[in-house]
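Scroll down for the structure; my scribbles are underneath it.
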Amino acid sequence: MIDFPNYFSGLTVIGLTAVAVLMFSRCDQPMDVTSEDEVFPYLLPSELYCPQGHVAYDSVSVLKYDDGELFSVSFFSDTIRNGVEVFFHKNGEIMSKKYYCMGKVIGRFQRFYEDGSLQSTGNHRGGAMDGIWKYYYPNGQLREVVNFRENREYGPFREYYPSGTLKTRGFYVEPDREQGLLTLYREDGTIKRLMDCNNGICNTIYEPSES
């Protein structure tokens, strides 16, 4: 459910040789890709380290838009992603933050709209989406709450109207495959339909009359 726009066609790589070395060979010495004053104001000191260890970064990879604004900042330990990775919108607002521990995504993920408001947030465990993830409308209202297990939607979920009223309640056994009782609500809070689902195939079992 989380994807990134394809901005790479308009990017400039800072320290191209250094980035290539990071990707394809062992890094025995720190790579000074960009100045600390340029990168660090966006980050907290704790974000430069593995969330489950004390291994500091030894190199930095930076991508920029053609106009010179930051697109992404990534930290590495011995050529392996370690610590926070930040993407930026063209207006300078943070697009997303994720954390790595020696190459695996771990801990909290956050994605933001261009105005800086939260778009989605959730947790990673062992490199995969795990636990409760929340998605928001641009107006700040909660849009969806869904549980993940190993990158797959699994467990209870709820969807909401932009007004904040509950829209749908159910249970996933696979992405977009509901299981058991699925309840659909009108925006005024009344029940629109009850459905019985079996591995994504749902049949209406109750639908109140409009009158």
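The values are calculated or read from the model by the stated rules, or taken from the named source; none is laboratory data. These figures come from a predicted structure and were not determined experimentally. For neighbour counting, all protein chains shown are included, and Cβ atoms are generated from backbone atoms with ideal geometry for every residue, glycine included.
Please find, among Arg143, Arg111, the residue that is free of Cβ contacts under 8 Å to residues at least 40 places away in the same chain and either part of a strand (DSSP E or B) or under 26 Å from Leu63 (Cα atoms) (or both). Spell out the reasoning first.
On the way: Arg111 fails: free of Cβ contacts under 8 Å to residues at least 40 places away in the same chain.
Exactly one residue qualifies, and that residue is Arg143.
Considering only residues that are over 11 Å from the mean Cα position of the chain (by Cα) and of a type in the set (Val, Ile, Thr), look in the range 107-146 and name the one that is nearest to Tyr161 (Cα to Cα).
By that ranking, first place goes to Val145.
Residue by residue through the range 102-121, note down the ones that are of a type in the set (S, T, N, Q) and in contact with a strand residue (DSSP E or B) (Cβ under 6 Å, 6 or more places away or on another chain).
Taking the range 102-121 as the starting set, the residues that turn out to be of a type in the set (S, T, N, Q) are 110, 117, 119-121.
Answer for the range 102-121, where residues must be of a type in the set (S, T, N, Q) and in contact with a strand residue (DSSP E or B) (Cβ under 6 Å, 6 or more places away or on another chain): Gln110, Gln119, Ser120, Thr121.
Go through the range 106-133 residue by residue and tally those that are aliphatic (A, V, I, L, M) and surrounded by 20 or more Cβ atoms within 10 Å (Cβ to Cβ).
Residues meeting the conditions: 2.
Under 23 Å from the mean Cα position of the chain (by Cα), of a type in the set (Val, Ile, Thr) and either farther than 22 Å from Arg125 by Cβ or part of a strand (DSSP E or B) (or both) - does that describe any residue in the range 182-202?
The answer is no, given that none of the residues of the range 182-202 is under 23 Å from the mean Cα position of the chain (by Cα), of a type in the set (Val, Ile, Thr) and either farther than 22 Å from Arg125 by Cβ or part of a strand (DSSP E or B) (or both).
So for the range 64-86 (the condition being in contact with a strand residue (DSSP E or B) (Cβ under 7 Å, 6 or more places away or on another chain), of a type outside the set (Asp, Glu) and either under 25 Å from Val173 (Cα atoms) or assigned to a loop (DSSP other than H, G, I, E, B) (or both)), does at least one residue qualify?
Checked against the condition, which is being in contact with a strand residue (DSSP E or B) (Cβ under 7 Å, 6 or more places away or on another chain), of a type outside the set (Asp, Glu) and either under 25 Å from Val173 (Cα atoms) or assigned to a loop (DSSP other than H, G, I, E, B) (or both), the range 64-86 yields no hits at all.
Based on this model, can you work out whether Ser61 counts as over 22 Å from Tyr113 (Cα atoms), polar (S, T, N, Q), at pLDDT 60 or above and not in a helix (DSSP H, G or I)?
yes
Check Met195 against each of (1) touching a Cys at 6+ places or on another chain (Cβ under 8 Å); (2) modelled with pLDDT under 95; (3) crowded, with 18+ Cβ neighbours inside 10 Å and name the one condition it does not meet.
Here Met195 clears every test but (2).
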